[in-house]
Amino acid sequence: MKADKILINLEQVFSPKDIGRPLRGEEMNEADILENAYIAIKDGKILEVGEGKGYENLKDDNTEIVDLTGKVATPGLIDAHTHLVYGGSRENEFAMKLNGMEYLEILEAGGGILSTLKATDAASFDELYDKTRDLLEHMLVHGVTAVEAKSGYGITLETELKELEVLEKLNKDFPTELIRTFMAAHVIHEKYKDNSDEYVNIVIDMMPEVAKRNLAEFCDVFCEKGVFTAEQSERILEAAKEHGFKLRIHSDEIENIGGVDVAAKVGAVSAEHLMVVDEGEIETLAKANVIGNLLPGTTFSLMLDTYAPARKMLDKGMAITLCTDSNPGSCPTANLQFIMQLGCLEMKLTPIEVFNAVTINAAYSVDRAKTMGSFDKGKRANITIFDAHNIDYTLYFFGTNLCKQVYVDGELVVEDRKLVK
Ligand code: NIG
Ligand code: FE
C-alpha cells in the first residue's frame, strides 16, 4: 500500500508503546525513540513509522513528501482534564491570592467557582462558543489535538446543557477531539449551603437528560472540604454509573477527605489532582487501576508546595497522566507544554514519562486509545511536530511554545504556531 503523505528526516520520533492498557510504574519510562525517522500516512491514518530510508517502497508519484529535518514528532498531545467552558474570568482574585488569601477561603466568601457560575449563566451560547474556541485554538497551536472538557459552571440544568452543547458543536466545527464530562457536582450553590444533600439530589436528577441526549461520556465530582463529602461523591458517582457514564473524581486537591477510597470503590477511570494523598492511598489507586490525572499547573498557580507525589506513584505501580486543569480559577492556562515542563521540574519525571503521560496514558484516560495516543498502524494520524532536535529539549526550554506543526487526521492544521485557515 502506498502512502498519501510521508513526513521524513525527523531527527526523533517519540513512539509510545500501546500494550492494551495504560502504562504503569516502570513501564512509563519506556518508549521507542526513533532517529532519522519517518511517519507514513494513508487515508488520515498511520501507515508506518520507521527509520532511515524505509519509506522508499511506500511512495509513488502521488505521495506528498514533507521534509522535517531537525524536528521532533510525537503523537498529538492529549489534555485529559480541563474546565473549558465558562463566562468571565477571575483575575480579580489574583491580587487576593498574592496577598495570601487561600482558594477555599475565596470560595467560602462567595467568590471562586461561585462567581464563575453567575458569569456562565449570563453568557449566551455564542459568547461561550467563541471563548471556548479561542481556548481550543491556544491549545491546538501548543500541540494538543484532543481535550477532555467538563461542564460545572451551571446554576441550572439549562446552563449545564448549554456548556455541553457548546462542546458538542465545537467537536464538529474544530479539529480538536473533545471528550465531554458532566460535572454539575462542582460546587454547592449558595442556595443549598445549609442543605447540600438536596443539591446532590438535584445533580442526580439532571443525569437522565444529559444521558438521553448523549451530551457527556464521563461524570466527575469535586470531593473536597466545603464542597462534596466522600459520601455525597459516592452517591453521585453511583447514580452516574447507573446512567451509563464513565467516572472521574477530583480528590485530594487541597484536603484529604477520602475521595481515593470512593474512586476505587466506584471503579473510576481516573482520580484527579491527588496532591495530598498518603502512601496507603497510592497503593489503593494502583491496586484498583485508577489512573492519576495529575495537574501540577494547579499547584503552581495556587502557589502551594504540594505537587502530587508522582515518583512515589510510579514506584507503587500507578499509571499517571499530566493535564492542564485549564479553568478560570485554580489554573488559568492553555499551555500543556508548560505543565509537562512542571512534570519534570517539580515532579522529577523523566522526559519519556512525561510524553507517555500526555499521549498513550492520556488516551486511555479519555477512552480514546483505540484511535489515538500512539503511532500504531491504523490510528488517526494526529501528530505534533516540535522545533527541537530531541524530546529532552522540548521540556528543558521551558515556557516557550516549541510547536512547529500539528496534523489532525493527516491534515496540516497548525503551521509555525498559527492555525492553518
Ligand atoms: O480542578 N477543583 C475544582 N475545579 C477546578 C477549579 C475550578 C475553578 O476554580 O473555577 C480544579 O481546580
Ligand atoms: Fe479540575
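The values are calculated or read from the model by the stated rules, or taken from the named source; none is laboratory data. None of these values were measured; they are calculated from a predicted model. In this analysis, Cβ positions are derived from the backbone assuming ideal geometry, glycine residues included, and neighbour counts consider all displayed protein chains. Remember, those area values only see protein heavy atoms, side chains included, never the ligands or the DNA or RNA. Shrake-Rupley method; radii C 1.70, N 1.55, O 1.52, S 1.80 Å.
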**Complete:** In Å², rounded to a whole number, the accessible area per residue of the range 237-310 with probe 1.4 Å is 35
**Asked** Antiparallel as a % of all DSSP beta bridges within the chain, to the nearest 5?
**Response** 50
**Fill in**
Sorted by chain and number, the residues with a modelled amide H under 5 Å from that of residue 324, at a separation of 5 or more or across chains, are 80, 81
**Request:** Step through the residues of the range 76-87 one at a time and calculate ³J(HN,Hα) from phi using the Karplus curve (6.51 cos²θ - 1.76 cosθ + 1.60, θ = phi - 60°), rounding each to whole Hz and writing x for Gly and Pro.
**Result:** x, 6, 10, 9, 8, 7, 9, 10, 8, 9, 7, x
**Request:** Set the Förster radius R0 to 41 Å, insert the Cβ-Cβ distance between residue 91 and residue 289 as r into 1/(1 + (r/R0)^6), and round the FRET efficiency to 0.05.
**Result:** 0.55
**Request:** Could you state the angle between the C-alpha long axis of helix 113-122 and the longest principal axis of the C-alpha atoms of the chain, as a value from 0 to 90 degrees rounded to the nearest 10?
**Result:** 80
**Asked** Between the range 364-403 and the range 183-197, what is the C-alpha centre distance in whole Å?
**Response** 38
**Request:** Mind listing the long-range amide H neighbours of residue 255? Cut-off is under 5 Å, sequence gap 5 or more, other chains count too, H placed in the peptide plane at 1.01 Å from N.
**Result:** 225
**Asked** Got a number for carbon plus sulfur as a percent of the range 251-392's accessible area, 1.4 Å probe?
**Response** 51
**Asked** Tell me, how many Å apart are the Cα centres for the range 203-222 and for the range 335-361?
**Response** 31
**Prompt:** Could you give me the ³J(HN,Hα) list for the range 341-358, computed from phi with Karplus coefficients 6.51, -1.76, 1.60 and θ = phi - 60°, whole Hz, x at Gly and Pro?
**Reply:** 5, 5, x, 6, 5, 9, 10, 6, 7, 7, x, 5, 4, 5, 5, 4, 4, 9
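Quick one: pull the percent of accessible area on the range 1-104 belonging to carbon and sulfur, 1.4 Å probe, ligands and nucleic acids left out.
Accessible surface attributable to carbon and sulfur in the range 1-104 totals 44 percent.
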**Request:** State the Cα centre-to-centre distance between the range 103-155 and the range 40-99 in whole Å.
**Result:** 23
**Request:** With the Cα gyration tensor of the chain in hand, convert its eigenvalues to equivalent ellipsoid semi-axes via √(5λ) and list them largest first in whole Å.
**Result:** 36, 22, 20
**Prompt:** Among 419, 207, 6, which residue has its Cα positioned farthest towards the positive end of the charge dipole of the chain, with +1 placed on the Cβ of Lys and Arg, -1 on the Cβ of Asp and Glu, and the dipole taken about the Cα centre?
**Reply:** 6
**Request:** Provide Rg over Rh for the range 30-181; use the alpha carbon set for both Rg and the Kirkwood Rh (inverse mean inverse pair distance).
**Result:** 1.15
**Message:** From the phi angles alone, apply the Karplus equation (6.51, -1.76, 1.60; θ = phi - 60°) to the range 263-278 and give each ³J(HN,Hα) in whole Hz, x where the residue is Gly or Pro.
**Reply:** 4, 5, 5, 8, x, 5, 5, 9, 10, 9, 6, 6, 6, 10, 6, 9
**Prompt:** Quick one: putting +1 on the C-beta of Lys and Arg, -1 on the C-beta of Asp and Glu, what dipole do you get for the range 173-243 around its Cα centre, in Debye to the nearest 20?
**Reply:** 80
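Given an 8 Å cut-off on Cα distances and at least 6 residues of separation, report the relative contact order of the range 201-273 as a percent. Show your work: numbers first, answer last.
On the way: 117 pairs, mean separation 22.6, N = 73.
Value for the range 201-273: 31 percent.
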**Request:** Filter the trypsin sites (Lys or Arg not before Pro) in the range 202-254 to those in DSSP coil with at most 13 other Cβ atoms within 10 Å of their Cβ, and list the result.
**Result:** 213, 225
**Request:** Assign unit charges at the C-beta atoms only (+1 for Lys and Arg, -1 for Asp and Glu), then state the dipole size of the range 160-312 relative to its Cα centre in Debye, rounded to the nearest 20.
**Result:** 480
**Fill in**
Rounded to the nearest 5, the percent of antiparallel DSSP beta bridges in the range 1-75 equals 70
**Asked** Treating the beta-carbon of each Lys and Arg as +1 and of each Asp and Glu as -1, no other charges, what is the dipole magnitude of the range 102-200 about its Cα centre, to the nearest 20 debye?
**Response** 220
**Prompt:** Using modelled backbone amide H atoms (1.01 Å from N, in-plane), which distant-in-sequence or interchain residues come within less than 5 Å of residue 388's amide H?
**Reply:** 72
**Prompt:** What accessible area per residue, rounded to a whole number of Å², is obtained for the range 64-211 using a probe radius of 1.4 Å?
**Reply:** 38
